[in-house]
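Worksheet: the structure to be examined is printed underneath.
Bear in mind that the values in this text are calculations on the coordinates, not laboratory data. Keep in mind it's a predicted model, so treat the numbers as computed, not measured. Virtual Cβ from ideal backbone geometry, glycine too; neighbours counted across all protein chains shown.
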Amino acid sequence: MIPRMPSNRDVPLLRRQPLEGAYVLLTFRHPEVAREARAGQFVMIKAGTSADPPLRRPFSILSLDPGEESFTLFIKAVGTGSIALAAMAPGEVAQCLGPLGRPFAAPPRGTEAVMVAGGYGIAPFHMLSAELSREGRARQVFYGGRTVADLQVRAPFEALGVPLTPATEDGTLGHRGRVTEPLEAYLDRAPAPVRLYACGPDAMLHAVARLAERRGLDTQVSLDPWMGCGIGTCLGCVVWIQEAEEARPKYRCACTEGPVFDAATVVWHGEPASLARRRQETRA
Amino acid sequence: MNLGVDVAGIRLKNPLIAASGTFGYGVEYEGLLDLSLLGGLVSKGLYLEPRDGCPTPRIVETPSGLLNAIGLQGVGVRTFVKDVLPRLAGYDTAVLVNVCGDTVEEYAEVTRVLDGVPGVAGLEINISCPNVKKGGMAFGGDPKMTYEVVAAVREATRLPVIPKLSPNVADITVFARAAEEAGADALSCINTLLGLAIDVETRKPRLAFGTGGLSGPAIRPIAVRMTWQAARAVRIPVIGIGGISSAADALEFLIAGARAVQVGTANFVDPGVYTRILDGLEAYLTRHALDDIGAVVATLDFPGASK
């Protein structure tokens with residue numbers, strides 16, 4: 001799918017719903033995003049027009065409400081940009097550009113979508129779950145974090161009727177340990193073919209990519225490098241990507257050519273080539 | 001009301017130019033804004049061959065600023081001419097190309113590739129990038145090398161030649177004069193300031209390259225000062241650059257002596273920046289009962305100095 005041109009707008013904050021800790025849900029009015037965004041896409045957004053911090057921040061879109069012409073972001077207030085956003089009051093205006101980036105591709109017919117989220121990486125999977133639910137597709141979520149407070153977005157999945165398996169390293173919710181453990185247990189007995197979708201910390205993405213390689217599973221990962229502009233000109237968010245036919249990897253912008261990539265084309269840290277390339281070389 | 005200006009024989013419909021390295025090759029902004037709004041645009045820096053650029057992280061925010069070490073990732077000048085330039089032909093804006101080189105000879109060769117190519121209005125010579133090991137700032141930090149690069153480019157083309165000066169020098173007028181003597185038609189002033197941001201937890205630089213170039217509102221007073229100094233030191237026009245994101249910012253440079261200005265980091269923040277600045281410039285001229293933007297240029301009333 002070729003992404004539509006994003007719209008640059010001043011967007012009013014409609015609702016602010018604080019969650020535990022530094023987390024908050026923010027709902028903004030933006031007709032184009034509400035109408036056109038697809039799961040996996042993001043917006044670049046900034047509270048007000050102050051020069052400090054200068055740049056907008058990228059956030060995955062958690063959900064849409066076309067009737068209200070709004071979208072909702074799941075924000076963890078940890079840096080200057082996200083803290084300023086989280087402090088906004090309803091009626092205040094943010095600068096917003098979106099929707100941006102390439103969305104997730106739906107799984108082939110008869111294939112189950114298995115989503116793997118690490119903490120904050122849950123954001124794009126609510127929309128993906130909603131899209132797949134509307135089409136009556138098989139889907140479920142594995143949701144991991146350090147502790148229960150990292151697993152803030154659970155109720156919306158329940159509302160959609162999407163099975164969700166939590167895992168926490170300290171055992172405060174669900175499986176005690178890493179999210180890849182219950183995931184692997186499920187994959188051992190999965191009744192149908194599976195496509196994996198992963199979003200979260202790099203170490204988790206890499207672990208999912210490795211287990212997917214072992215099991216021969218098609219996997220889409222949403223990468224989250226530091227992003228400056230969101231439209232492919234600052235070249236700050238580049239990642240090493242290597243298609244099967246490419247002799248060497250190329251830096252590609254996560255904002256315009258991602259953030260969703262086929263895990264087999266990502267050159268993971270410490271690896272000499274992408275899986276797609278290694279397979280190609282083995283064949284040749 | 002006339003916002004048009006002439007710089008180095010290039011007619012710009014207004015004094016706003018998109019700065020190199022902040023506007024891709026222009027085509028990235030198609031659909032987000034009408035490129036014909038711009039007086040001109042400067043391409044990302046181009047060598048003869050494609051470049052990967054620096055490892056990541058490449059950018060980090062600092063107070064009111066952006067520190068970057070992209071390292072001139074680019075497609076190479078031939079791909080630009082073949083694939084990108086034709087896409088810009090439909091827009092009513094001056095296309096300038098930012099020329100890079102590891103050696104004096106490479107600058108001249110890139111220039112020869114661009115000489116006579118339809119759609120190229122002028123060349124900006126990058127002797128000031130702080131994020132490459134060869135070329136870049138190494139040439140812009142030595143007046144003799146500045147002269148040599150500009151003279152070599154001058155000899156290789158009839159296109160307007162506009163060296164982009166480095167602020168990382170003690171006296172920018174020395175470099176402005178060296179470039180003028182070597183045959184430059186105008187000067188771009190300034191590139192980024194060399195900076196270093198440190199992660200105190202790991203005690204490592206926050207950029208993979210180590211140091212980076214600082215841009216954005218944080219550097220504007222330095223850029224205005226250097227534009228003012230350079231404009232007084234040479235007869236050729238100066239294009240002011242550094243932290244411009246509003247009409248008032250642009251006017252500071254024009255009043256300091258710039259004939260035109262470039263908008264850089266603000267492109268990353270707001271694609272609507274050009275419309276805002278143009279509206280603001282018109283409002284300013286109306287407010288001051290002027291009908292030509294040129295009437296503002298070099299009108300600084302500096303204490304104790306003759307104009």
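Quick notes
- Charge sum, other residues only, whose C-beta stays under 12 Å from A:ALA192's C-beta, Lys/Arg counted +1 and Asp/Glu -1: +4
- Label-point separation in nm, B:LEU300 to B:GLU105, each point 7 Å along Cα→Cβ: 4.1
- Rounded to the nearest whole Hz, the Karplus-based 3J(HN,Hα) values (6.51 cos²θ - 1.76 cosθ + 1.60, θ = phi - 60°) of region A:214-230 follow the sequence 4, 9, x, 9, 5, 9, 10, 10, 9, 8, 9, x, 4, 10, x, 10, x, with x at glycine and proline.
- Of the residues A:SER63, B:SER188, A:SER222, A:SER274, the one with the fewest other Cβ atoms within 10 Å heads the list, and the complete ranking is A:SER63, A:SER274, A:SER222, B:SER188.
- Overall Cα dimensions of chain A, principal axis frame, Å, largest first: 57, 41, 35
- Candidates B:PRO15, B:PRO63, B:PRO221: whichever shows maximal mean-square fluctuation once chain B is modelled as a Gaussian network with Cα springs under 10 Å: B:PRO63
- Cα centroid separation, region B:131-163 to region A:46-70 (Å): 42
- Per-residue average of Cβ from other chains inside 10 Å of A:230-242: 6
- Three-way shape call for the protein assembly as shown based on the alpha-carbon gyration tensor, with the a/c threshold at 1.5: prolate
- A Förster distance of 51 Å, applied to the separation of the beta-carbon atoms of B:LEU37 and A:ARG137, puts the FRET efficiency at 0.70.
- Too-long pairs where the Cα-Cα distance tops 31 Å, listed order kept, from A:LYS250/B:LYS82; A:LYS76/B:LYS44; B:LYS133/B:LYS204; A:LYS250/B:LYS13; A:LYS250/B:LYS164; B:LYS82/B:LYS133: A:LYS76/B:LYS44; A:LYS250/B:LYS13
- Paramagnetic reach from A:ALA87 (point 7 Å along Cα→Cβ, amide N under 17 Å) across region B:240-271: none
- Under the simplified labelling scheme, the B:ARG235-A:ALA244 pair shows an inter-label distance of 6.5 nm, with each label point 7 Å from Cα along Cα→Cβ.
- Sorted fewest first by neighbouring Cβ atoms within 10 angstrom, B:ILE127, A:ILE75 come out as A:ILE75, B:ILE127.
- Most mobile of B:ILE17, B:ILE59, B:ILE198 in a GNM of chain B (Cα contacts under 10 Å): B:ILE198
- Chain A: calculated mean residue ellipticity at 222 nm from DSSP helix runs of at least 4, using -39500 (n - 2.57): -6500 deg cm²/dmol
- Net charge of Cβ neighbours under 13 Å - reference A:GLN280; Lys, Arg +1; Asp, Glu -1: +1
- The Rg/Rh ratio of region B:1-52, with both radii computed over alpha carbons and Rh defined as the Kirkwood radius, is 1.05.
- Between the residues A:VAL267, B:GLY240, A:LEU196, the greatest Cα displacement towards the positive end of the dipole of the protein assembly as shown, with unit charges on the Cβ of Lys, Arg, Asp and Glu, is found for A:LEU196.
- Taking every residue in B:265-277 and counting other chain Cβ atoms within 10 Å of its Cβ, the average works out to 4.
- Between region A:215-279 and region B:1-48, the alpha-carbon center distance in angstrom: 31
- In terms of its alpha-carbon gyration tensor, region A:104-222 comes out oblate; a/c meets the 1.5 threshold, while b/c is at least as large as a/b.
- A:ASP65-B:ASP52 pseudo-label distance in nm [points 7 Å out on the Cα-to-Cβ vector]: 4.8
- Global geometry of region A:18-57, whether rounded, prolate or oblate, following the gyration tensor of its Cα atoms and the 1.5 cut on a/c: oblate
- In chain B, helical runs assigned H by DSSP with n ≥ 4 each contribute -39500 (n - 2.57); averaged across all residues and rounded to the nearest 500, the mean residue ellipticity at 222 nm is -8000 deg cm²/dmol.
- Restricting attention to chain A, close to 60% of DSSP beta bridges with both partner residues there are antiparallel.
- Dipole magnitude for the protein assembly as shown: computed about the Cα centre from +1 point charges on Lys and Arg Cβ and -1 point charges on Asp and Glu Cβ, it is near 640 debye.
- Look at the dipole of the protein assembly as shown built from charges on Cβ: of B:PRO160, B:ILE222, A:GLY121, the Cα furthest out on the positive end belongs to A:GLY121.
- Those trypsin sites (Lys or Arg not before Pro) in region B:156-198 that DSSP places in a loop and that have at most 14 other beta carbons within 10 Å: B:ARG158
- Dipole magnitude for region B:255-307: about 160 debye, using +1 per Lys or Arg Cβ and -1 per Asp or Glu Cβ, origin at the Cα centre.
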